[in-house]
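The values are calculated or read from the model by the stated rules, or taken from the named source; none is laboratory data. Note that this is a predicted model, so its numbers are computed, not measured. When we count neighbours, we look across all protein chains shown, and the Cβ atoms used for this are built from the backbone with ideal geometry, even at glycine. Heavy atoms of the whole protein, side chains included, go into the accessibility calculation; ligands, DNA and RNA do not. Shrake-Rupley method; radii C 1.70, N 1.55, O 1.52, S 1.80 Å.
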Amino acid sequence: MGRRAGAMMTEQRQIKAPEGWGSAVLDFKSGSSIDVDAQFESVIEGVWVSGTANIELEGACARCLDPIEDQMTIELQEMFQYEDLDEKESDDDDLPLVVNDEVDLEPTLRDAVVLGMPVAPVCDTRCLGLCSVCGIRLSEDPDHTHEQVDPRWEILNQLKKEED
Ligand SMILES: [Zn+2]
Ligand SMILES: [Zn+2]
């Protein structure tokens, strides 16, 4: 693209979803790919990258443990700085660098994906989870209750049964 400020290019890539980026409850769908659609814009100090990544996820509902599959579009934005900028030209030393006219988008993608993935995915925002007593899905029977029998009455019930 060269260093002419204002130059722009776009690039679409499909990459294999890497392993180990997700969590115990949510990760890339196995064998899926990430569709990256990025725009590169040359600015004075480097290259401004923006775009999106479409990802496919699979995991388990954090409330009821049902398997879930989801698709997400993650926003990408990163400023890459020319590596040979004078110190006075550069106001941020922590920016990733443009090296040999290339940028490494993997760390950007990884940060965006890790931050974008929900920590506690749910099958449905109305999912009520599981009953703590019997384990059925509360969404299927929200009103069901268990008689909480006081253990002291339990003895009386036993005696009553024996009488009957
Ligand atoms: Zn659920
Ligand atoms: Zn129950």
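Could you look through the range 42-73, keep only residues that are among the aliphatic types (A, V, I, L, M) and surrounded by 19 or more Cβ atoms within 10 Å (Cβ to Cβ), and pick out the one that is farthest from the chain's Cα centre (by Cα)? Going through the qualifying residues, I end up with Val47. Every test in (1) touching a residue at least 60 places away in the same chain (Cβ under 8 Å); (2) surrounded by 15 or more Cβ atoms within 10 Å (Cβ to Cβ) is passed by Ser32 save one, and that test is (1). Within the range 110-164, restricting attention to residues that are in a helix (DSSP H, G or I) and in contact (Cβ under 8 Å) with a residue 24 or more places away in the chain, the residue that is farthest from the chain's Cα centre (by Cα) is Arg110.
Tell me which residues, restricted to the range 132-164, are polar (S, T, N, Q) and closer than 30 Å to Val122 by Cβ. Correct list: Ser132, Ser139, Thr145, Gln148. Checking the structure you have, find out if any residue of the range 100-109 is part of a loop (DSSP other than H, G, I, E, B), more than 19 Å from the chain's Cα centre (by Cα) and within 16 Å of ligand 1 (Cβ to nearest atom). Within the range 100-109 (the criterion being part of a loop (DSSP other than H, G, I, E, B), more than 19 Å from the chain's Cα centre (by Cα) and within 16 Å of ligand 1 (Cβ to nearest atom)), the answer is no, since none of the residues qualifies. From the list Leu115, Leu109, Leu138, which residue is open to solvent by 50 Å² or more (accessible area, probe 1.4 Å), within 26 Å of Gln71 (Cα to Cα) and modelled with pLDDT of 90 or more? After ruling out the rest, the residue left standing is Leu115.
Can you name every residue in the range 99-145 that is of a type in the set (Val, Ile, Thr) and within 16 Å of ligand 2 (Cβ to nearest atom)? Matches in the range 99-145: Val133, Ile136, Thr145.
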